[in-house]
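Just below is one structure, and these are the notes that go with it.
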Amino acid sequence: AVFAMPNTSPVADTAGVVEQELALGEQAGYVTVQPIGAVTVGQKGERLAELGAMADSRARVRVFSDDGSCVWDPLIMRRALEYVKAFDGVIAQHAQDPRLTAGAQMNEGAVSAELGLAGWPAVAEES
């Protein structure tokens, strides 16, 4: 199986989009495509996507992620975790604090300092 991340165009944040991804995978027929739904609308972190509708859809989505974007609002993340618990869903969080990585060009360390490039600190991805 291939798990298709939601950072598509359009973003996989509705039942219609994940069902279309599933159908396209079935039409191609090479491998089972299991869509991963976005946690938030447009992966923007502002409001929850249609988690229940995607779970109830023909695609039966059980994994949700804002793939490449961190759900930085703790209230939204808490609601998402509570919501997916009802149908044994999973949230795959992109663990990154964007305030610590803004403008980073490479991993932080001796080489970034030597080159004068903004570094990405390891602590930005640690919990």
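Every read-out reported here was derived from the displayed coordinates using simple, explicitly stated rules and does not represent laboratory data. As the structure is a prediction and not an experimental result, all values here were calculated from the model. Glycine also receives a Cβ, built like all others from the backbone with ideal geometry; neighbour counts cover every protein chain displayed.
Data table
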| read-out | value |
| --- | --- |
| The chain: relative contact order as a whole-number percent, Cα under 8 Å and 6+ apart | 19 |
| Amide proton proximity set for ALA4, modelled H, under 5 Å, gap of 5+ | GLN34, ILE36 |
| Formal net charge of residues neighbouring ALA95 (Cβ-Cβ distance under 14 Å; K, R +1; D, E -1) | -4 |
| Within a Gaussian network of the chain (alpha carbon springs, distance under 10 Å), most fluctuating of VAL11, VAL31, VAL71 | VAL31 |
| Order of ASP88, ASP97, ASP13 - criterion: other Cβ atoms within 10 Å of each residue's Cβ, fewest first | ASP88, ASP97, ASP13 |
| Using θ = phi - 60° and Karplus 6.51 cos²θ - 1.76 cosθ + 1.60, couplings along the stretch 7-15 (whole Hz; Gly, Pro as x) | 7, 10, 10, x, 4, 7, 10, 9, 4 |
| Loop-located trypsin sites (Lys or Arg not before Pro) in the stretch 25-127, at most 16 other Cβ atoms within 10 Å (DSSP) | LYS44, ARG47, ARG58, ARG60, ARG62 |
| Nonlocal amide H pairs with VAL11, under 5 Å, H built at 1.01 Å | none |
| Backbone HN-Hα couplings from phi across the stretch 46-60 [Karplus 6.51/-1.76/1.60, Hz, Gly and Pro as x] | 9, 8, 4, 6, 7, 4, x, 5, 5, 5, 7, 6, 4, 6, 6 |
| Dipole in debye (nearest 20) - the stretch 2-94, about Cα centre, beta carbon charges: Lys, Arg +1; Asp, Glu -1 | 180 |
| Computed helical MRE - 222 nm, the chain, DSSP H runs ≥ 4 contributing -39500 (n - 2.57), nearest 500 | -9000 deg cm²/dmol |
| Radius 13 Å from Cβ of LEU48, net charge of other residues (Lys, Arg +1; Asp, Glu -1) | -2 |
| Calculated Rg and Dmax of the chain using C-alpha coordinates, Å | 17.0, 53 |
| Karplus 3J(HN,Hα) series, Hz, for the stretch 90-106 with 6.51 cos²θ - 1.76 cosθ + 1.60 (x for Gly, Pro) | 10, 10, 9, 8, 7, 6, 7, 9, x, 5, 8, 10, 4, x, 5, 10, 6 |
| Amide proton proximity set for GLY119, modelled H, under 5 Å, gap of 5+ | GLN105 |
